[in-house]
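Trainee: Okay, handing you the structure first.
The values are calculated or read from the model by the stated rules, or taken from the named source; none is laboratory data. None of the values given here were measured: they were computed from a predicted structure. Cβ: placed from backbone, ideal geometry, glycine included. Neighbour counts: every protein chain shown.
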């Protein structure tokens, strides 16, 4: 006992000593020249450093790598950037001329704004440093100048950093670097672009073993893992979290009457008149939509609702001409634009100080994305972020209530890191081989330290090397797959100029459909349009791009020549699918719905929806906590089965196929399927052999993944997934000089290779990756298993009805939207409402 007390006393003394030491170190840091100069600069600007910034500067000076976590607008950028400046001012003798920091940012649109803020600070502090930007928008002349003389700080995207690593004799560019900083790490984590960053850092560590690695991130659900992915190395590292919190006002936009808000929809056009006053009363507003086509529609809706907006509002998305995007960003920053309708292209980091209001059209689908968008308003510290939520249909108001609860409880989704992305690794090895080459044994030791490849096997590494040199055992007869040459000293190197050129043209991990330029026939560039959409249009047909109505004149040399036009026009639909509901938001949505009719429920959203929710309870049931609702509806069309897991569209797509398969084992029956984020429908012209006795059997977790595999064509799904893998790994070439292959052509080539490898080398590392991605991403295996665990513990509520319910109606409408024109759909919806005897709530 005495021994235990002594140990506790020692622990207490050690804790006091550490606290004193930490405070002493911070106090000591505050007496350094670097801190005094930066503090004076901040004082002159009327600001003071936050504690998390001070802590970052101190840790940086003591040789730490780390992660900074802070709300939007609190100076995350300056926490890491000024750490370098402070360290230089304190120890100028340890710095050499040339590049000192690489700043990696996920979006090109962020680069200019970040570089401008850094350059302004450097000039005012009095350093003779230059901040450069290098990405796809950078002038080729500027890039050449950078090769000759690197700036002190270089702001890059992951792709542009890899292109630098593909340069001959690139090591001198990086040799004297002190730090690599990764901005918005939460946005890159969980994607193959994040893996690109991990690999690039591993190469920079070869050149500068003691390089500091710093990540900057918003709050996510797995911060410790996020830091480990970025900095998996044995080094001093720390996580610094700001104590400051951003206040957010979440304001739903209600119609005057619930009858105005539709049961189903995806646009929210009936509330355009409510959005106009919000924009007029604000200094400047960003209107966020989830898709490019939705942004084009809302831009037109706002102009139609308030014609005086002409010249005061703009549209911003990735398909618009870069010069126009930059003009929009500059005019939004200066307060000259009243509003900008945007997609995720304005989600991140740009500091638009005049923006005091954000409007989210439709569901944000996740807490993290919602917080990111809300943070675009009230960007300065301690300003309140204000975000209005415009529901596109009635049930999205419950999502608003769910979002409020998630934000209140500070529950944010994790970003799961990607591992064993062999296609990205193959591309990276080609990048090194195009540059100065690599020695495989030395490189393998470094690759195994990268988080994404810590589980790589020796045989997989050997297969990758064989693939690079001779195409592997199956493709070795084809000369185009012999890309890397083994030199006499064992160096792996690309010696063909053609192979090197094609590799540089195809670097990156974002595989999209072929994009065609859109130009006026009289001259003037408008933007880009996907080939699959434009190929459906005939000459003189009209479409909308960048808020303009355009008429097709001709298509020539990957360019669509157009004339300005008026009248009705098609809005481009872009490949890429819809955003799925996150697990966290699904949880809060189920929770809010279960308490929706509780007399004590005080949320305005639930009170407003009371007539609709009463209708659901009257005609069927509102699932409570610990319940799982199944609806069976028989009408003139046939037999409908609806289930409501609230797990998001992707999971429901798999569940629908699985349940259909299990029912078909009870009796021969075929189904058509439909789904949304709340649930799914199975429809048949035959009676569905389902009742309370066999429901448990249908919804069991037993034999789950085997039944999933049996219910879907996993080989076909893997074949489609293989297209992207084949392009990223360079097995299939997408871009040639002046030409980009179409989606159809890529799928055909990749499909042929997939078939050959499946037949003759089914264990090929890229084939295995295709199946792994199908299970993890498309089949959502982990989320699916968790959903069935929850359902198995729930009480199954089976309800029969002769009319569609408020929960089932949006799913049915979503399925009709795929096959009917807008006029036909409106007529069909009215007929369905009438047949369901619910025309009073439409």
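Trainee: When you check residue 267 against the structure, is it touching a strand residue (DSSP E or B) at 6+ places or on another chain (Cβ under 9 Å) and more than 30 Å from residue 427 (Cα to Cα), yes or no?
Mentor: It is true that residue 267 is touching a strand residue (DSSP E or B) at 6+ places or on another chain (Cβ under 9 Å) and more than 30 Å from residue 427 (Cα to Cα).
Trainee: Oh, and also: Being closer than 30 Å to residue 468 by Cα, surrounded by 13 or more Cβ atoms within 10 Å (Cβ to Cβ) and either assigned by TED's automatic domain parsing to the domain that holds residue 632 or free of Cβ contacts under 8 Å to residues at least 24 places away in the same chain (or both), is that true of even one residue in the stretch 728-742?
Mentor: yes
Trainee: Could you pull out the residue among 768, 789, 721 that is in contact (Cβ under 8 Å) with a residue 12 or more places away in the chain, in a helix (DSSP H, G or I) and surrounded by fewer than 16 Cβ atoms within 10 Å (Cβ to Cβ)?
Mentor: 789
Trainee: Scan (1) surrounded by fewer than 22 Cβ atoms within 10 Å (Cβ to Cβ); (2) in contact (Cβ under 8 Å) with a residue 60 or more places away in the chain for the single condition residue 226 breaks and write down its number.
Mentor: Residue 226 satisfies every listed condition except (1).
Trainee: Of all residues in the stretch 480-519, how many are surrounded by fewer than 19 Cβ atoms within 10 Å (Cβ to Cβ) and in a strand (DSSP E or B)?
Mentor: Here the count works out to 6.
Trainee: Let me ask you something else. Is it the case that the stretch 203-213 has a residue that's assigned by TED's automatic domain parsing to the domain that holds residue 60, within 18 Å of the chain's Cα centre (by Cα) and touching a residue at least 40 places away in the same chain (Cβ under 8 Å)?
Mentor: The answer is no, given that none of the residues of the stretch 203-213 is assigned by TED's automatic domain parsing to the domain that holds residue 60, within 18 Å of the chain's Cα centre (by Cα) and touching a residue at least 40 places away in the same chain (Cβ under 8 Å).
Trainee: Checking the condition part of a loop (DSSP other than H, G, I, E, B) and in contact (Cβ under 8 Å) with a residue 40 or more places away in the chain, which residue from 84, 110, 127, 89 passes?
Mentor: The match here is 127.
Trainee: Quick one: in the stretch 377-387, which of the residues that are at pLDDT 90 or above and crowded, with 23+ Cβ neighbours inside 10 Å is farthest from residue 583 (Cα to Cα)?
Mentor: Looking at the filtered set, the residue picked out is 385.
Trainee: Go through 143, 193 for me and flag whichever is assigned by TED's automatic domain parsing to the domain that holds residue 117 and modelled with pLDDT of 95 or more.
Mentor: 193
Trainee: Has the stretch 83-100 got at least one residue that is under 26 Å from the mean Cα position of the chain (by Cα) and either over 20 Å from residue 55 (Cβ atoms) or in the same structural domain as residue 41 (by TED's automatic domain parsing) (or both)?
Mentor: Within the stretch 83-100 (the criterion being under 26 Å from the mean Cα position of the chain (by Cα) and either over 20 Å from residue 55 (Cβ atoms) or in the same structural domain as residue 41 (by TED's automatic domain parsing) (or both)), the answer is no, since none of the residues qualifies.
Trainee: Given the condition closer than 23 Å to residue 84 by Cα and loosely packed, with under 15 Cβ neighbours inside 10 Å, answer yes or no: does some residue in the stretch 149-157 qualify?
Mentor: Within the stretch 149-157, one or more residues are closer than 23 Å to residue 84 by Cα and loosely packed, with under 15 Cβ neighbours inside 10 Å.
Trainee: Restricting to the stretch 53-65, count the residues that are surrounded by 24 or more Cβ atoms within 10 Å (Cβ to Cβ) and either assigned to a strand (DSSP E or B) or without any contact (Cβ under 8 Å) to a residue 12 or more places away in the chain (or both).
Mentor: 0
Trainee: Restricting to the stretch 633-649, give me the number of residues that are closer than 19 Å to residue 621 by Cα and within 36 Å of the chain's Cα centre (by Cα).
Mentor: 8
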